[in-house]
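*Asks:* Handing you a structure now.
The values are calculated or read from the model by the stated rules, or taken from the named source; none is laboratory data. For clarity, every value in this text was computed on a predicted model and none was experimentally measured. Here Cβ is always computed from backbone atoms with ideal geometry, including for glycine, and neighbour counts include all displayed protein chains.
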């Protein structure tokens with residue numbers, strides 16, 4: 001047990017280090033240097049450049065800057081934003097909660113909707129209609145879904161407010177926008193899983209014991225169908241992080257998406273690095289949870 | 001619908017005209033007489049990078065600055081300077097000493113008294129390394145020292161005559177921040193609630209990515225004479241919400257979730273003008289017009305005939321109509337048409353003559369054509385490159401570039417390649433000289449400030465590579481004198497030189513700002529001379 005936990009922690013740290021290093025190298029390889037990014041489209045003279053370089057200690061070799069960055073990151077100091085002139089943990093800290101709220105709400109909505117769709121649409125034509133609708137949701141850009149939902153439920157009927165992180169009502173439309181494509185993909189995966197499970201001998205046995213079809217479906221087949229869906233949790237975290245960039249922009253919500261977009265566009269290295277590391281943390285946590293979920297769902301794995 | 005359109009269009013035009021003349025307010029008819037109280041929500045396009053006025057660099061953020069901060073001087077509608085926190089100023093005969101008398105009844109919202117020492121502390125702050133090297137290198141480059149003569153008198157000593165000191169002292173960068181905040185703020189360069197100013201509102205809450213909130217400063221009683229009223233602001237509080245998507249801003253306005261919006265693109269204007277409950281106002285910005293600058297440092301634009309040919313190959317009116325649906329104002333000079341220095345005689349003197357473009361190119365030796373129909377010379381295609389920096393693209397300038405690209409190809413066989421890149425790539429292209437066309441507009445209140453950056457031989461944004469002692473001298477003359485007539489004469493010669501004689505620039509349009517608001521709102525308007533949306537000081541909500 002302890003060995004398993006230790007291995008998890010060590011690989012987790014290795015993933016974090018790899019993510020930070022890869023991001024650092026990518027930013028280093030990007031055209032233009034940091035001074036260009038800080039100057040933006042404003043006045044540009046050698047004197048201005050010299051001051052910026054000395055302000056941020058950019059005259060040190062890249063390796064030294066990288067090691068210094070790692071050393072300070074290990075101590076919890078993520079540095080200061082070149083662009084916003086605030087400590088990175090301030091810039092990001094204030095934005096984590098709204099993004100988490102949105103991501104959690106969207107994930108819960110998406111997963112529940114997928115479960116309901118997969119279980120209730122077993123009949124042939126309902127199933128075909130649902131499947132088509134799911135495909136439509138998956139292939140529609142979230143931007144468009146968001147604008148349409150806003151136009152109808154906010155601008156036309158005034159049920160939900162348009163923007164911000166202000167109470168539950170403001171969370172509904174963004175969560176649905178982000179959750180719908182997730183539901184689309186998961187429902188398809190679950191349905192496939194159910195199909196396969198219902199063809200298995202154990203389903204026949206269960207039916208022979210006199211179980212109703214619904215009970216076979218929910219108590220036995222669903223468990224099997226969940227396995228491939230759980231494998232997709234890592235994918236889910238990626239979709240959520242990528243999705244919030246657009247959703248937050250459309251709905252005027254605070255959050256990491258906006259911060260990331262701005263930081264990447266302006267070459268705000270300390271913020272970009274922090275976001276990458278944060279995303280890696282989330283990924284490590286989620287994949288650990290997925291591993292635990294396998295144990296929970298499949299008793300056979302617990303024994304081995 | 002069909003019947004209201006022309007009326008709405010006329011109204012919008014009338015508003016645009018009054019706004020262009022920099023009238024103080026619009027839309028007063030609907031909302032009646034000003035009343036005190038109420039809270040207003042205003043959706044804006046751009047979330048400021050900083051709330052410290054000294055670090056101001058986004059014209060789109062200017063409407064927020066003057067809510068909580070003020071400067072020594074401000075502009076009247078004619079581009080002249082009027083007292084604000086200063087009561088007046090004197091210039092020594094040699095133009096190197098500016099003496100300001102200050103108001104004695106002003107306090108910062110943190111209780112600190114505003115006096116000459118505060119002014120000195122603000123200007124001296126720019127000497128701190130890394131605080132704002134750009135302002136130090138440009139606006140304050142001729143400043144020798146700031147001296148406190150007495151509590152209400154402050155003296156600026158210059159190394160050489162420079163009237164742009166006045167522009168600095170009326171600009172957001174010259175706004176007065178409480179010396180206490182300058183000393184104690186933890187994130188000074190980021191600004192926010194910890195920075196106190198003297199303005200009619202106090203910034204008390206900032207939620208990054210969502211909104212910034214101001215409450216009325218009840219002690220405020222020092223509005224400039226041009227402000228429109230005196231005493232505290234009408235509104236109890238005002239919230240600016242950051243809504244980056246224009247269609248979302250318009251939807252929020254039409255559904256009454258916000259009362260005012262800023263930034264209405266041409267594609268959304270019809271939604272506003274078709275609605276009788278809403279009013280659209282448009283203000284032309286001061287500063288330099290949005291223009292293409294030709295890089296004369298290498299071929300093909302080192303040949304003036306090719307520069308002229310490019311200008312003749314573009315039918316600017318057709319391009320603007322296509323991209324902005326008639327809502328853009330064409331520019332004819334490097335200076336915007338609302339500036340007092342604008343040279344109107346340049347209008348209709350060039351452009352849109354495809355036959356002339358082709359004649360010039362034939363003459364310059366670009367007479368052969370390749371398989372794709374582009375002109376060539378010695379087997380080399382007539383290619384010119386424009387690199388756009390994605391974070392700074394606004395007003396659909398990427399679409400505009402495509403329209404120009406199509407025009408010069410069709411009418412003269414010129415190959416304009418347009419690249420939209422990240423800021424680093426774009427900056428590298430400029431540094432390496434890997435461009436032939438550079439696009440820019442600047443929102444400086446005094447157009448002279450923009451010209452000296454863009455056109456002087458050593459200018460920090462001189463991307464034309466054009467260096468001329470005569471031009472430098474003219475720009476210096478325009479900047480040295482406080483005599484408006486002398487400045488006008490100098491800048492008119494500058495415009496003639498760069499537009500007519502050297503064809504260095506293709507001016508495209510005068511940047512504008514739009515505001516739209518419901519009929520319960522009064523006093524929304526544009527800042528005189530600057531032409532950008534004004535602060536919330538004059539705004540009221542009818543009950």
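*Asks:* Which residues, counting only those in the stretch B:410-426, are under 25 Å from the mean Cα position of the chain (by Cα) and more than 14 Å from chain A (Cβ to nearest Cβ)?
*Replies:* Passing the criteria: only B:418.
*Asks:* Sticking with this structure for a sec: Which of the residues that make up the stretch B:383-404 are under 13 Å from residue B:314 (Cβ atoms) and over 26 Å from the mean Cα position of the chain (by Cα)? Walk me through it before giving the result.
*Replies:* Filtering the stretch B:383-404 down to residues under 13 Å from residue B:314 (Cβ atoms) leaves B:384, B:386, B:400-404.
Correct list: B:384 only.
*Asks:* Right, something else. Name, by its number, the condition in (1) within 14 Å of chain A (Cβ to nearest Cβ); (2) more than 23 Å from residue B:461 (Cβ to Cβ) that does not hold for residue B:146.
*Replies:* Only one criterion is unmet by residue B:146, namely (1).
*Asks:* Among the residues of the stretch A:282-293, is there at least one that is assigned to a helix (DSSP H, G or I) and crowded, with 22+ Cβ neighbours inside 10 Å? Working first, answer last.
*Replies:* If we filter the stretch A:282-293 for residues that are assigned to a helix (DSSP H, G or I), which is where we start, we get A:282-293.
From what's left, crowded, with 22+ Cβ neighbours inside 10 Å: none.
No, the stretch A:282-293 contains no residue that is assigned to a helix (DSSP H, G or I) and crowded, with 22+ Cβ neighbours inside 10 Å.
*Asks:* Given the criterion within 14 Å of chain A (Cβ to nearest Cβ) and under 30 Å from residue B:453 (Cβ atoms), identify the matching residue among B:168, B:156. Steps first, please.
*Replies:* On the way: B:156 fails: within 14 Å of chain A (Cβ to nearest Cβ).
Going through B:168, B:156 in turn, just one is within 14 Å of chain A (Cβ to nearest Cβ) and under 30 Å from residue B:453 (Cβ atoms): B:168.
*Asks:* Output yes when any residue across the stretch B:469-488 is more than 12 Å from chain A (Cβ to nearest Cβ), on the phi > 0 side of the Ramachandran plot and out of contact with any strand residue (DSSP E or B) (no Cβ under 9 Å at 6 or more places or on another chain), and no when none is. Before the answer, list the steps.
*Replies:* Just the residues of the stretch B:469-488 that are more than 12 Å from chain A (Cβ to nearest Cβ), to begin with: B:469-488.
Those left that are additionally on the phi > 0 side of the Ramachandran plot: none.
No, there is no match, as no residue in the stretch B:469-488 is more than 12 Å from chain A (Cβ to nearest Cβ), on the phi > 0 side of the Ramachandran plot and out of contact with any strand residue (DSSP E or B) (no Cβ under 9 Å at 6 or more places or on another chain).
*Asks:* Among residues belonging to the stretch A:65-100 that are within 30 Å of residue A:226 (Cα to Cα) and crowded, with 18+ Cβ neighbours inside 10 Å, point out the one that is farthest from the other protein chains (Cβ to nearest Cβ).
*Replies:* Taking the stretch A:65-100 as the starting set, the residues that turn out to be within 30 Å of residue A:226 (Cα to Cα) are A:96-100.
Okay, now just the ones that are also crowded, with 18+ Cβ neighbours inside 10 Å, so A:98-99.
Values: A:98: 7, A:99: 10 Å.
The qualifying residue farthest from the other protein chains (Cβ to nearest Cβ) is A:99.
*Asks:* Does any residue of the stretch B:275-298 turn out to be under 23 Å from residue A:258 (Cα atoms) and within 14 Å of chain A (Cβ to nearest Cβ)? Even if it seems obvious, please write down each step before you answer.
*Replies:* Kept after step one, since they are under 23 Å from residue A:258 (Cα atoms), are these residues of the stretch B:275-298: none.
The answer is no, given that none of the residues of the stretch B:275-298 is under 23 Å from residue A:258 (Cα atoms) and within 14 Å of chain A (Cβ to nearest Cβ).
*Asks:* Here's a check for you: in the stretch B:250-274, which residue that is touching a strand residue (DSSP E or B) at 6+ places or on another chain (Cβ under 6 Å) and within 9 Å of chain A (Cβ to nearest Cβ) is nearest to residue A:144 (Cα to Cα)?
*Replies:* The residue in question is B:252.
*Asks:* Another question, if that's okay. Within the stretch A:1-31, restricting attention to residues that are closer than 30 Å to residue A:284 by Cβ and assigned to a loop (DSSP other than H, G, I, E, B), which residue is nearest to the other protein chains (Cβ to nearest Cβ)?
*Replies:* A:30
*Asks:* Could you check the stretch A:247-277 and list, in sequence order, the residues that are assigned to a helix (DSSP H, G or I), touching a residue at least 60 places away in the same chain (Cβ under 8 Å) and over 22 Å from residue B:206 (Cβ atoms)? It would help to see each step written out before you state the result.
*Replies:* From the stretch A:247-277, those assigned to a helix (DSSP H, G or I) are A:247-251, A:256-265, A:269-277; that's our starting set.
Going one step further and asking which of them are touching a residue at least 60 places away in the same chain (Cβ under 8 Å), we end up with A:247-248, A:250-251, A:256-259, A:262-263, A:269-277.
Those that are assigned to a helix (DSSP H, G or I), touching a residue at least 60 places away in the same chain (Cβ under 8 Å) and over 22 Å from residue B:206 (Cβ atoms): A:269, A:272, A:273, A:276, A:277.
*Asks:* Take the conditions part of a helix (DSSP H, G or I) and within 11 Å of chain A (Cβ to nearest Cβ) and apply them to residue B:429. Does it pass?
*Replies:* On the way: part of a helix (DSSP H, G or I): yes; within 11 Å of chain A (Cβ to nearest Cβ): yes.
Criteria met by residue B:429.
*Asks:* I'd like the residue in the stretch B:501-524 that is at pLDDT 95 or above and not in a strand (DSSP E or B) and, out of all such residues, is surrounded by the fewest Cβ atoms within 10 Å (Cβ to Cβ).
*Replies:* Going through the qualifying residues, I end up with B:501.
*Asks:* While we're here: Could you figure out which of (1) over 15 Å from residue B:500 (Cβ atoms); (2) modelled with pLDDT of 95 or more isn't true of residue B:347?
*Replies:* All conditions pass for residue B:347, except number (1).
*Asks:* Let me ask another. Looking for something outside any helix (DSSP H, G or I), buried (at least 18 other Cβ atoms within 10 Å of the Cβ) and either within 27 Å of the chain's Cα centre (by Cα) or within 14 Å of chain B (Cβ to nearest Cβ) (or both) - is there at least one such residue anywhere in the stretch A:153-160? Please lay out each step first, then the result.
*Replies:* To start, the set of residues in the stretch A:153-160 that are outside any helix (DSSP H, G or I) comprises A:157-160.
When the remaining residues are screened for being buried (at least 18 other Cβ atoms within 10 Å of the Cβ), the result is A:160.
After this cut, where a residue has to be either within 27 Å of the chain's Cα centre (by Cα) or within 14 Å of chain B (Cβ to nearest Cβ) (or both) as well, the list is A:160.
The answer is yes, given that some residue of the stretch A:153-160 is outside any helix (DSSP H, G or I), buried (at least 18 other Cβ atoms within 10 Å of the Cβ) and either within 27 Å of the chain's Cα centre (by Cα) or within 14 Å of chain B (Cβ to nearest Cβ) (or both).
*Asks:* Hey, among the residues in the stretch A:224-269 that are away from chain B (no Cβ under 14 Å) and over 14 Å from the mean Cα position of the chain (by Cα), which one's farthest from residue A:107 (Cα to Cα)? Please lay out each step first, then the result.
*Replies:* At the first step, the residues of the stretch A:224-269 found to be away from chain B (no Cβ under 14 Å) are A:224-243.
Add one more test, that the residue is over 14 Å from the mean Cα position of the chain (by Cα), and what stays is A:224-231.
Values: A:224: 21, A:225: 18, A:226: 15, A:227: 17, A:228: 17, A:229: 13, A:230: 13, A:231: 15 Å.
The residue in question is A:224.
*Asks:* If you check B:302, B:317, which single one turns out to be within 27 Å of the chain's Cα centre (by Cα), surrounded by fewer than 16 Cβ atoms within 10 Å (Cβ to Cβ), within 22 Å of residue B:386 (Cα to Cα) and assigned by TED's automatic domain parsing to the domain that holds residue B:435?
*Replies:* On the way: B:302 fails: within 27 Å of the chain's Cα centre (by Cα).
That would be B:317, the only listed residue that is within 27 Å of the chain's Cα centre (by Cα), surrounded by fewer than 16 Cβ atoms within 10 Å (Cβ to Cβ), within 22 Å of residue B:386 (Cα to Cα) and assigned by TED's automatic domain parsing to the domain that holds residue B:435.
*Asks:* Let me ask something else about it. Would you tally the residues in the stretch A:32-52 being more than 7 Å from chain B (Cβ to nearest Cβ) and touching a helix residue (DSSP H, G or I) at 6+ places or on another chain (Cβ under 6 Å)?
*Replies:* 3
*Asks:* Right, here's the next one. If a residue has to be more than 7 Å from chain A (Cβ to nearest Cβ) and more than 24 Å from the chain's Cα centre (by Cα) to count, how many in the stretch B:189-211 make the cut?
*Replies:* Selection size over the stretch B:189-211: 8.
*Asks:* Filter the stretch B:159-191 down to the residues that are surrounded by fewer than 20 Cβ atoms within 10 Å (Cβ to Cβ) and in contact with a strand residue (DSSP E or B) (Cβ under 7 Å, 6 or more places away or on another chain) and list them by number.
*Replies:* Residue satisfying the conditions is B:159 alone.
*Asks:* Given B:372, B:356, B:312, which one is assigned to a loop (DSSP other than H, G, I, E, B) and at negative phi? Please lay out each step first, then the result.
*Replies:* Numbers: B:356 fails: assigned to a loop (DSSP other than H, G, I, E, B); B:312 fails: assigned to a loop (DSSP other than H, G, I, E, B).
Just one listed residue meets the conditions, B:372.
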